[in-house]
């Protein structure tokens, strides 16, 4: 076909003349580049609905278009599933190419993700990168290979089994009753609507909602002595709380807001509102700011902050004298021996502890 | 249909698109390429080129007109033949940034951010600018565009213990100029920092690199030696962490030694040296478990004072 036969006069404001046959082909390319895969039926629906095309293509024309795109450098897979034909654009020349520096950086990032237990993002990241960029001189699976170990990485077999079990409860939305060992060695029976198992600060937690308070809670898996399933299903999402706090001094001048925070600046500093379903996590961050931060509302968060501060103060005073004496004995009185000085003198023992 | 049948016009437009996606080209340069390409082998008229460009524009491409300023070249500023990013994809990118923002190699993170910027800028999504903004807001990463050369030079100076004079945009005091002995560049919580010893500062300082306006070597051996000595002075700290084991311990500083607590298997005692007790205080307050400062007494007193001041905010 000549160009002339395919020209189409637009009546749009630009009054552009285009080649309609090429336009159809490139439109199919555009659709394929923006979808995971497309059936012939879907393709034709898009073509019919496009005001400049307004018709389906025959299988012969479609084959010609696909052949043209392949000649251009597109990798197009033809898949068949339940009597339907699908096309998938797995690679094409217009994707941005990764530089070697970027590729190495992404590979290192992928390895860090891999080392994080339960990081679902490791797997997702490894799939996303090749979809977004051409990988130079590397097999397409270079990222996927980095994730062979995936979720189990960083966990012992025993921990992994426990995690899997709790993940199953989360998936099934099963309410649990747990026997929880508190830090003061008391035991408490608690209920939780489990949501997910998370890994944070080198510990595994079961996160979910307390069905009584409707607040988000988390319990370290190591502190759960036993558990049983209750004949109830998870009911609703945890309640979100809007916490308002004030920042003053240098911190107010250099504060970088967290996602979703609304900030009002005034003479005293900043008044920030943060909406969260994990007040405990927010309070831990706010503690870091010391006296430059004050929670204004709600009262429950103020009380929790006060409890945390008092708990820290109380613990700081506890049995300090004996330990100070023990651990300073070597620093201050050179050569003196104390019954606990063993811990100072035996780095090998310490390494064993660190490897625990 | 013959097995090798293809749409010649579409093929030419695709080739044009690919070339323009790499660099701006003039009418003559485009024709030169058409002629050299075996599967095309001929030039086109100006009218036909306009037809091709109009076809691309109708698909959503943005091509600027040739002007004297750009050497009469056609420049492709956007094309839609790209991935459509879903909110789940953006979540993966954001969480990748959050999970790796303590990574020791800041260059990996710089190139990761550059890649994210490049990918998001070329997306098929119409709201790509909003997505880019959202990525930086939610990951809390600071943009490092154009800082690579500065980072490279700062690292060089840190490695060679070169004293610098730095012009710094302080969030509180505005622009300040001072002498600074750099120790290292590092990435933390989405920002790049230069750690080192500032003139007239008792403790080490962390300067945000995007706020360094200017820097140059400073020749003052006496000051250099003094700041170097200050950098070497590291205070010993001994801290007991409650409900913390060697397995769950998250570093409070550098070069720590962990000891079992003789009074309880649930606790550990950490011995470390630090040059900046402000940062150590921050880390302890947000550590998530109670602690006791066994040494030095001055830091224990300071921490008590801080906690008492904090308590007053809720009891006064």
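Bear in mind that the values in this text are calculations on the coordinates, not laboratory data. Computed from a prediction, not measured in an experiment: that's the story for all the values here. Cβ: placed from backbone, ideal geometry, glycine included. Neighbour counts: every protein chain shown.
With q set to 0.25 Å⁻¹, the log10 of I(q)/I(0) for the range A:159-221, from the Debye formula over equal scatterers at the Cα positions, is -1.16.
Divide by every residue of chain B the summed helix terms, -39500 (n - 2.57) for each DSSP H run of at least 4, and state the resulting mean residue ellipticity at 222 nm, rounded to the nearest 500 deg cm²/dmol. Let's see the in-between values first.
Working: 10 runs with 132 residues, N = 316.
Result for chain B, helices only: -13500 deg cm²/dmol.
On the basis of the beta-carbon distance and an R0 of 25 Å, residue A:240 and residue A:160 show a calculated FRET efficiency of 0.20. Fewest neighbouring Cβ atoms within 10 Å first, the residues A:293, B:61, A:170 line up as A:170, B:61, A:293. Extending 7 Å from the Cα toward the beta-carbon at both residue A:41 and residue A:212 defines two label points whose distance is 5.4 nm. For the segment A:164-171, counting C-beta atoms of other chains within 10 Å of every residue's C-beta and taking the mean gives 0. One decimal place: the segment residue A:307-residue A:271 gains 10.7 nm when fully extended, by the rule 0.36 nm per residue minus the C-alpha distance. Principal axis extents of the Cα atoms in the range B:262-316, from largest to smallest and rounded to whole angstrom, are 38, 27, 19.
R0 = 51 Å: FRET efficiency of residue B:173 with residue B:72, Cβ-based, nearest 0.05? Efficiency computed from Cβ-Cβ geometry: 0.50. Relative to the dominant Cα principal axis of chain B, helix B:148-159 is inclined by about 30°.
Would the range B:127-178 count as rounded, prolate or oblate if I go by the C-alpha gyration tensor, calling it rounded below 1.5 in a/c and otherwise prolate when a/b exceeds b/c, oblate otherwise?
Oblate is the answer for the range B:127-178, as a/c is 1.5 or above yet b/c matches or exceeds a/b.
Semi-axes of the equivalent ellipsoid of the range B:65-105 are 38, 17, 6 Å, computed as sqrt(5λ) over the eigenvalues of the C-alpha gyration tensor in descending order. To the nearest 10 degrees, how steep is helix B:297-315 against the longest Cα principal axis of chain B, on a 0 to 90 scale? The angle comes out near 70 degrees. Dividing the alpha-carbon radius of gyration of the range B:153-257 by the rule-of-thumb value 2.2 N^0.38 Å gives 1.24.
Kirkwood-type hydrodynamic radius, the range B:23-134: 17.0 Å, calculated from all non-identical alpha-carbon pairs. Please work out, to two decimal places, the log10 of the ratio I(q)/I(0) at q = 0.11, 0.15, 0.18, 0.23 Å⁻¹ from a Debye calculation in which every Cα of the range A:170-272 carries one identical scatterer. Here the Debye-derived log intensity ratios amount to -0.51, -0.75, -0.87, -1.13.
A simple spin-label model places the labels of residue B:57 and residue B:247 6.7 nm from each other, with each point 7 Å out along Cα-to-Cβ. Normalising the Debye intensity of the range B:100-226 to I(0), with uniform scatterers on Cα atoms only, and taking log10 at q = 0.12, 0.14, 0.16, 0.18 Å⁻¹ returns -0.51, -0.66, -0.81, -0.97.
Could you tell me what a quarter of the Cα convex hull surface of the range B:181-316 works out to, in nm² with one decimal place? Don't skip to the end; give the middle numbers.
Details: hull surface 43.6 nm².
Mean orientational projected area (the range B:181-316, Cα hull): 10.9 nm².
The separation of the range A:61-89 from the range B:192-219, counted between C-alpha centres, amounts to 57 Å. Annotation: the residues A:185, A:227, sorted from fewest to most other C-beta atoms within 10 Å of their own C-beta, follow the order A:185, A:227.
Please grab the % of Cα pairs in the range A:34-131 that end up more than 16 Å from each other.
Working: 3260 of 4753 pairs.
Distances greater than 16 Å cover 69 percent of the Cα pairs.
Work the Kirkwood hydrodynamic radius out for the range A:41-80: mean of 1/r over every pair of different alpha-carbon atoms, inverted, in Å. 11.1 Å is the Kirkwood radius here.
Label separation (residue B:29 vs residue B:105): 3.5 nm, computed from points 7 Å beyond Cα along the C-beta direction. Across all directions, the average flat footprint of the convex hull enclosing the Cα atoms of the range B:151-190 is 3.4 nm².
Subtract the Cα-Cα distance of residue A:262 and residue A:172 from 0.36 nm times their separation in residues, and report this length gain in nm to one decimal.
So the chain would gain 28.8 nm between residue A:262 and residue A:172.
Computed from the C-beta positions of residue A:248 and residue B:257 and an R0 of 30 Å, the FRET efficiency is 0.20 to the nearest 0.05. Using all alpha carbons of chain B, what is the percent of pairwise distances in each 20 Å bin, ordered from the shortest bin to the longest? P(r) for chain B, in whole percents per bin: 22, 40, 24, 13, 1. By other beta-carbon atoms within 10 Å, ranking B:144, B:248, B:86 with the fewest at the front produces B:86, B:248, B:144.
Assign one of three labels to the range B:1-86, namely rounded, prolate or oblate, based on the Cα gyration tensor with a ≥ b ≥ c the square roots of its eigenvalues; rounded applies when a/c is under 1.5, prolate when it is not and a/b is larger than b/c, and oblate otherwise. Write down the numbers at each step before the final one.
Working: a/c = 1.98, a/b = 1.13, b/c = 1.75.
Here the range B:1-86 falls in the oblate category.
Across the range B:233-284 the C-alpha pair distances fall into 5 Å bins from zero in the proportions 5, 21, 33, 23, 14, 5, 0 percent.
Inverting the pair-averaged 1/r between distinct Cα atoms of the protein assembly as shown gives 29.8 Å as its Kirkwood hydrodynamic radius.
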